[in-house]
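Taken together, the values in this text are just the output of simple stated rules run on the coordinates, not laboratory data. In this text, all values refer to a predicted model and were calculated from it rather than measured experimentally. As a convention, Cβ positions derive from the backbone with ideal geometry for all residues, glycine included, and neighbour counts pool all protein chains shown.
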Amino acid sequence: MHSYTLIAPAKINLHLEILGDRPDGYHELVMILQSIDLVDKIELRPNGTEQIRLHCNNPQVPLDASNLAYRAVEVMRGEFPKIAANYGGVDIFIDKKIPVAAGLAGGSTNGAAVLVGINLMWELGLTVPELQTLGAKLGSDVPFCISGGTAIATGRGEQLDPIVDLDNLWVVLAKYRSLSISTAWAYKTYKQKFGSSYISDSEGVKSRTAQVHSGSLVSAIAHKDGASIGKLLYNDLEKVVLPAFPQVAQLREAFQEVGCLGTMMSGSGPTVFALCESSDRAEIVRVKVRETIPDPDLEFWVAQLSSAGIEVTSFSK
Ligand code: C5P
């Protein structure tokens with residue numbers, strides 16, 4: 001049986017718009033998701049036992065069934081119990097570079113990598129759409145993480161329409177090491193604050209009268225027009241996260257002031273990114289914001305937008 005090493009990219013949200021809350025407790029969204037080349041490395045090794053064992057270089061990462069990498073194996077076992085019994089347990093090594101609980105889909109992309117890896121290890125022959133259907137059981141961002149690139153995501157975020165890949169832009173990402181935000185908290189707070197503006201349709205689905213702002217952004221992406229993309233970045237969750245976390249609002253302002261193409265919080269935060277036209281420009285933006293906020297708790301990354309989803313980099317006997 002082979003061992004597999006996979007690369008699992010982070011994502012940012014170029015657009016996150018909440019259309020309404022849904023009967024299943026989730027929110028109906030329109031998002032534009034974008035992979036970046038900030039990646040975790042995931043290695044899967046058959047371990048000759050029945051156990052799923054997780055190992056990670058970052059102590060913040062849980063090593064139990066609350067980790068999506070662990071749950072991905074459980075989902076595969078649930079779908080293919082006979083095949084799973086033949087293959088036994090697996091050791092999963094996560095080399096973590098993507099910050100945790102940061103709005104960058106770090107957990108989701110690890111779950112996505114394990115689905116792709118187990119598909120190969122157990123010789124299941126599942127297609128990408130089949131893996132994405134299983135991925136939606138793990139989390140709303142997992143289907144996107146499997147295929148990556150640039151995509152419009154609707155529904156809970158699991159319905160995907162790929163659009164032209166953007167690779168001519170860079171981002172500076174910044175996050176306070178000690179600050180993490182629960183996605184469930186952000187959506188719950190949004191619902192409490194803005195729930196009254198929703199209307200119900202004939203099916204009983206509550207939704208805001210559709211004000212989908214993403215059209216012009218899709219057009220800017222089609223033209224790879226960085227300046228317009230920067231101006232059109234959008235995230236409804238900023239309305240709840242920025243007032244509750246003043247450091248994130250301050251970070252957002254600092255990026256705004258140094259002259260990038262645009263800046264926005266990613267997902268439910270607290271990571272803020274600044275879009276830049278080159279890696280040199282990104283480095284200048286990073287240095288300037290570091291000067292404005294010298295707090296050692298603030299960490300930075302520079303990454304390029306990427307067309308890659310989960311990729312297998314090596315396998316061995
Ligand atoms: O799907 P996932 O488990 O990643 O979502 C985490 C939490 O974020 C959910 O439990 C839910 O509270 C919230 N969420 C939501 N609407 C979505 C996606 C996530 O309310 N479309």
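Could you tell me which residue out of L261, A244, S214 lies farthest along the dipole of region 170-306 toward its positive end? Charges go on the beta carbon: Lys and Arg +1, Asp and Glu -1, centred on the Cα centre.
Final value for the positive-end residue is A244.
To test your reading of the geometry: what angle, between 0 and 90 degrees and rounded to tens, separates the Cα axis of helix 279-292 from the longest principal axis of the chain?
70
Can you work out ³J(HN,Hα) from phi for every residue in region 90-101, in order, using Karplus 6.51 cos²θ - 1.76 cosθ + 1.60 and θ = phi - 60°, giving whole Hz and x for Gly and Pro?
Whole-Hz 3J(HN,Hα) from phi for region 90-101: 9, 9, 10, 9, 10, 8, 8, 10, 6, x, 8, 6.
Looking only at F144, F273, F300, which one moves most when the chain is put into a Gaussian network model with springs between Cα atoms under 10 Å?
Looking only at F144, F273, F300, the largest GNM fluctuation is found for F300.
Assigning unit charges at the beta carbon (Lys, Arg +1; Asp, Glu -1) and nothing else, what dipole magnitude in debye, to the nearest 20, does the chain show about its Cα centre?
460
Cut-off 10 angstrom, C-alpha nodes, Gaussian network model of the chain. Which of L169, L233, L126 fluctuates the most?
The residue that fluctuates most here is L126.
Per-residue HN-Hα couplings for region 297-312, Karplus 6.51 cos²θ - 1.76 cosθ + 1.60 at θ = phi - 60°, whole Hz, x for Gly and Pro?
6, 8, 10, 10, 9, 10, 9, 9, 5, 9, 9, 8, x, 5, 10, 8
What spacing in nm lies between the two simple spin-label points modelled at F194 and K97, each 7 Å away from Cα in the Cβ direction?
Result: 3.3 nm between the two label points.
May I ask you to list the residues of region 81-106 whose amide nitrogen lies under 16 Å from a point 7 Å from Cα along the Cα→beta-carbon direction of S182?
Those under the cut-off are 101-103.
Compute the length gained on full extension between R290 and K239: take 0.36 nm times their separation in residues and subtract their Cα-Cα distance, giving the result in nm to one decimal.
Difference between extended and current length: 15.9 nm.
Work out from phi, with θ = phi - 60° and the Karplus expression 6.51 cos²θ - 1.76 cosθ + 1.60, the ³J(HN,Hα) of each residue of region 68-78, listed in order in whole Hz, and give x for Gly and Pro.
Karplus-based 3J(HN,Hα) across region 68-78 equals 5, 5, 5, 5, 4, 5, 4, 4, 5, 5, x Hz.
Out of residues 5 or more away from G157 or on other chains, whose amide H comes under 5 Å of its own, with H placed 1.01 Å from N in the peptide plane?
For G157, whose amide H was placed from the backbone, the distant partners under 5 Å are L29.
First select every other residue whose beta carbon is under 12 angstrom from the beta carbon of N13; then total the charges, Lys and Arg +1, Asp and Glu -1.
Counting the neighbours of N13, the net charge comes to -3.
I'd like the distance separating the alpha-carbon centroids of region 261-308 and region 215-255, in whole Å.
12
Please list the non-local residues whose amide H lies under 5 Å from the amide H of H15, H modeled 1.01 Å from N, same-chain partners needing a gap of 5 or more.
I32, Y234
Okay, helix-only estimate at 222 nm for the chain: each DSSP H run of n ≥ 4 adds -39500 (n - 2.57), divide by all residues, round to 500 deg cm²/dmol; what do you get?
My calculation for the chain gives -10500 deg cm²/dmol from helical runs alone.
What shape does region 207-317 take by its C-alpha gyration tensor, where a ≥ b ≥ c are the square roots of the eigenvalues and a/c under 1.5 counts as rounded, a/b above b/c as prolate, and the rest as oblate?
Rounded.
Let me know the charge dipole size of region 170-306 about its Cα centre in debye, to the nearest 20, where only the beta-carbon of Lys, Arg (+1) and Asp, Glu (-1) is charged.
The calculated dipole for region 170-306 is roughly 340 debye.
Below 30 Å, Cα to Cα, which lysines can K224 reach? Residues fewer than 8 away in the same chain don't count.
K11, K41, K97, K175, K239, K288
What's the FRET efficiency of S279 with E79 using the Cβ-Cβ distance as r and R₀ = 51 Å, to the nearest 0.05?
The computed FRET efficiency comes out at 0.75.
Describe numerically, in nm with one decimal, the distance between label points set 7 Å from Cα along Cα→Cβ at L124 and at A249.
4.5
Compare S108, S66, S182 in a GNM of the chain, Cα atoms joined below 10 Å, and give the one with the largest fluctuation.
S66
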